[in-house]
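Below: one structure, written as C-alpha cells.
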Amino acid sequence: MVTPSNPLPFTLSFQVGHTLETVEWFYEEEQDFYAHIEEPSVVLIENLEIVVNFTSSDDNARMYMYGLETIPFRGVEIDDKGEAYIFPNEGAVHLFNKNYYPLIPGTYQIRVEIGNQVWYAPYVIRPKQLSTLQLDLMKEQLEETIRGLALDFINKQIAKGQTLGKALPPRLLMQFMIISKHFSNVMTALSDLYTKVNFHTRKEYETVRSDRANVVDEVTIRNRLKHPELKGFLKVPVRTINYDLPENVWIKHIVKRLITVLNNFVVSVEQYAADLQEEINQLKQFEYQDSTKIVLKQKAKVYEELLEYVEMVQRMKIGFQLITSAHWYEQVQEKPLITVPYVLTKDSRYRSIYMLYRELQDDELEITLDSLYSYQWKRTDKLYEMWGYVELLRILEDLLHFNPVRGWIYNLHFNGDGMLIPSLPPGERVILEKGEIQLHFIYDGVVPLTSKETEMFIHPLYVRQQYNRPDARLDVYKNGVYYGSIMMDFKYRPRQNFWEKDRINTIARTREMNQLIAYSDSRSNYLYGEDRPSTTAFQRLSPVAEVWAFYPVKEGRQVRPTSSADHNLRLIPFSPGVGNDHVLHEFERILEQLFQDSAGFVGSL
C-alpha cells in the first residue's frame, strides 16, 4: 500500500462543491484494493458539482475512473478495452455539473497507470438527500411494492370467473400452479438427495487402547508426550462424515415447511371436492333435464380435475416425507437460517427444491420486472419519483381501498406462466374505483396548454403557463362528473432548495417555485359536469384543488407537512423506511374537501 508518506509520481484531487479533496491513499496491488474497499480514499456526493484535477511529471500517465465515459470533455480517451481515461495536466475537468447525467451512488475504483506501475484507490459516491441505507431500502421497497400490487391483481384474476376460485383462496390456487410447474424437477431431486446428499468428511480424535490404534499422527505423538500417565491409551485420528452442512439445514427446513403447505392444500381441495360431490348427488335427481345434464357434466369434469390435483400433491408429499426417513436426516440440526448458501442455488438438486420453496414463500409466480427499470433506477431522482408514484398507488389501493381496474400492470392477463411487469412509461394512467368515485392517477403526463386539447376522461384540464408536466396527477370523478385534480411533484432535494419563503413576495422566485405555483393556474371546461349552465363563470375556477410537492427527509428527522395557502400548495415529507401515515390523511382530507367544495355547484346543476 502507498501511504501519504510515500511520494507518488502524480497528484489527484477533487473539488466537491466548495470542498477540496486530495486522494492520498493508493494501493499497489488490486487485492489490497478489494481488501480495503470499505475504506474509501475519497468520498464524492451525487448531484454536487465535481471537478477533478490530475497532474503528473509523466505526460503518458493515465487515470481511469467511473463517470469519465459520460462527460463531454474532449480530453477523455478510450483505450483498446473500451475504458475511458484522461491524461494528466489537462487542467480542471468537470466530472459532474447540473447539465450532466447524474453519477450513480455506489463504490468504485480509481486506477492510475504509469508504464508498468498501477495504483488503485476505492472511492464512494454517496446519495445527497437520503442515507445509503434509505437509498437501498427505497429500491427494495419499490420492487417489493410493484410485485405486491401485481400479485394482488393476479389473485383477483385467478378468483374471478373461475369455478375453483369461488371456494379456494386465490393463494392456494397460486400455490398449486407453482407446485405443478416444479413437480417433475422436485421429484427427481428428492429421489437423488435421499441417497446422495452432500457431506463433508472431517478428522476428529478419540482416546482408544493402544492395541486398537490403527492410525497415528503428530497429534497422537504430542498427546502421548504431554500425558505419559495415560499408559496403554492413545489419542488417534478418526474420520467421520458430517451431514450438518448449511445446504442440508436449509433442505430440512424447506421439507418441513413444504409438507405443511401441501397438507393444507390437500385439506382445502378435498373439502371442496366433497362439497362438489354433494352438489352433484343433489343434481342427479334432475339429470333428465337438458340444462342439468350440462351442469352435471361441467361439475363432474371439475371434480375429476380436483382428484388429479390431490393425487399429484400427495405424490409430492410422499417424496418429501420419504426424505425425513433418510439416513442423514436426523443428523442435520435445526438452526436459524441466516444466509442462502452458494450450493443451494448452484447444485441443480438443491436448487430445484429451493426454487419451489422460494416461490411458495413469496406467493409469486415468476413475477419479473422489465429490464428498463434497472436503467431508470440508476438516476436517484428518477428512482425517488417512481417510488413516490408507486407508493401513493399502494396507499390508494391498500389503505383507502380503491380497486384498480385498468392501466399499467392492471392491463395484464395472467395465464399461470408468470408475469413480466412492464416499465412505467410517461403518461401511464391507472384508473381506480370505489363505489361512485373514480380516480385517474397519471404518471409523468403532459397537461394541455389550451382548452381545445382537453377531453373529459383523458385531459379534463389545461394549464395556462409553460410548466405543464407534473410528475403525477390525480383526476377525481364521481358518477361520471369531474370534480377536480391534484398536481404532484417529487422533489429529490431539501425543501429549502425548491421552496424559499423569503422569495415568495419577490421577482427572484426560483424555477421550481414558479413551476409549483403555475400548476394551480389551470382551467377546465368539464369541472362539475359538461352540461353546467354558465361556462364563462366556471372557467374562472381552478380545477386544481392543491399542488403537492413531496420531498425526502433523512432518517431520524421528524418533519410535518406545511402549506402555502396563497398558492394551494402542500409541502409533504415522504421517505422510504419510515411511517408515511400522514400521506394517507392528506388523501382523505383532500378528497373530502373536493366533494365539499362541489356541494354548491353539482347539486344546483
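The values are calculated or read from the model by the stated rules, or taken from the named source; none is laboratory data. Just so it is clear, the structure is predicted and the values come from calculations on it, not from any experiment. Because the Cβ atoms are built from the backbone with ideal geometry, glycine has one as well, and the counts that use them run over all protein chains shown.
Worth a mention:
- Selection count where residues are touching a helix residue (DSSP H, G or I) at 6+ places or on another chain (Cβ under 9 Å) and of a type in the set (D, E, K, R), scope region 30-62: 1
- Among the conditions (1) buried (at least 16 other Cβ atoms within 10 Å of the Cβ); (2) at pLDDT 90 or above; (3) among the charged types (D, E, K, R), the only one that residue 589 does not satisfy is (1).
- Scanning region 270-295 for residues that are within 30 Å of residue 180 (Cα to Cα) and either assigned to a loop (DSSP other than H, G, I, E, B) or at pLDDT below 80 (or both) turns up 272, 294, 295.
- Some residue of region 444-451 being in a strand (DSSP E or B), more than 20 Å from residue 385 (Cβ to Cβ), at pLDDT 90 or above and not aromatic (Phe, Trp, Tyr): no
- Checklist (1) outside any loop (DSSP other than H, G, I, E, B); (2) farther than 25 Å from residue 350 by Cβ; (3) more than 37 Å from the chain's Cα centre (by Cα); (4) free of Cβ contacts under 8 Å to residues at least 60 places away in the same chain applied to residue 330, failing item: (2)
- Test: residue 252 is among the basic types (Lys, Arg), touching a Ser or Thr at 6+ places or on another chain (Cβ under 9 Å), touching a residue at least 24 places away in the same chain (Cβ under 8 Å) and not assigned by TED's automatic domain parsing to the domain that holds residue 216: yes
- Residue list for region 427-458, filter: touching a residue at least 40 places away in the same chain (Cβ under 8 Å) and loosely packed, with under 13 Cβ neighbours inside 10 Å: 436
- Every residue from region 185-209 that is modelled with pLDDT of 85 or more and loosely packed, with under 12 Cβ neighbours inside 10 Å: 195, 196, 200
- Residue 484 free of Cβ contacts under 8 Å to residues at least 40 places away in the same chain and surrounded by 14 or more Cβ atoms within 10 Å (Cβ to Cβ): no
- Exactly one residue out of 59, 32 is among the charged types (D, E, K, R), surrounded by fewer than 16 Cβ atoms within 10 Å (Cβ to Cβ) and either touching a Ser or Thr at 6+ places or on another chain (Cβ under 9 Å) or under 22 Å from residue 76 (Cα atoms) (or both): that is 59.
- Which numbered condition residue 290 misses (of (1) within 30 Å of residue 321 (Cα to Cα); (2) loosely packed, with under 12 Cβ neighbours inside 10 Å): (1)
Okay, residues lined up against (1) in the same structural domain as residue 525 (by TED's automatic domain parsing); (2) outside any strand (DSSP E or B); (3) hydrophobic (A, V, I, L, M, F, W, C):
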residue	(1), (2), (3)
542	yes, yes, no
547	yes, no, yes
550	yes, no, yes
554	yes, yes, no
563	yes, no, no
570	yes, no, no
576	yes, yes, no
584	yes, yes, yes
590	yes, yes, yes
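- From 461, 420, 412, 424, residue being buried (at least 17 other Cβ atoms within 10 Å of the Cβ) and either in contact with a His (Cβ under 8 Å, 6 or more places away or on another chain) or at pLDDT below 90 (or both): 424
- Subset of region 1-28 that is assigned to a loop (DSSP other than H, G, I, E, B) and touching a residue at least 60 places away in the same chain (Cβ under 8 Å) - its residue that is surrounded by the most Cβ atoms within 10 Å (Cβ to Cβ): 23
- Of the residues making up region 52-71, not a single one is farther than 19 Å from residue 109 by Cβ and touching a Lys or Arg at 6+ places or on another chain (Cβ under 6 Å).
A quick yes/no check of all residues on (1) over 30 Å from residue 493 (Cβ atoms); (2) modelled with pLDDT of 70 or more; (3) not assigned by TED's automatic domain parsing to the domain that holds residue 353:
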{"position": "136", "(1), (2), (3)": "no, yes, yes"}
{"position": "155", "(1), (2), (3)": "yes, no, yes"}
{"position": "212", "(1), (2), (3)": "yes, yes, yes"}
{"position": "234", "(1), (2), (3)": "yes, yes, yes"}
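- A count restricted to region 29-68 and to residues that are touching a strand residue (DSSP E or B) at 6+ places or on another chain (Cβ under 9 Å), in a loop (DSSP other than H, G, I, E, B), closer than 24 Å to residue 115 by Cα and not small (Gly, Ala, Ser) stands at 5.
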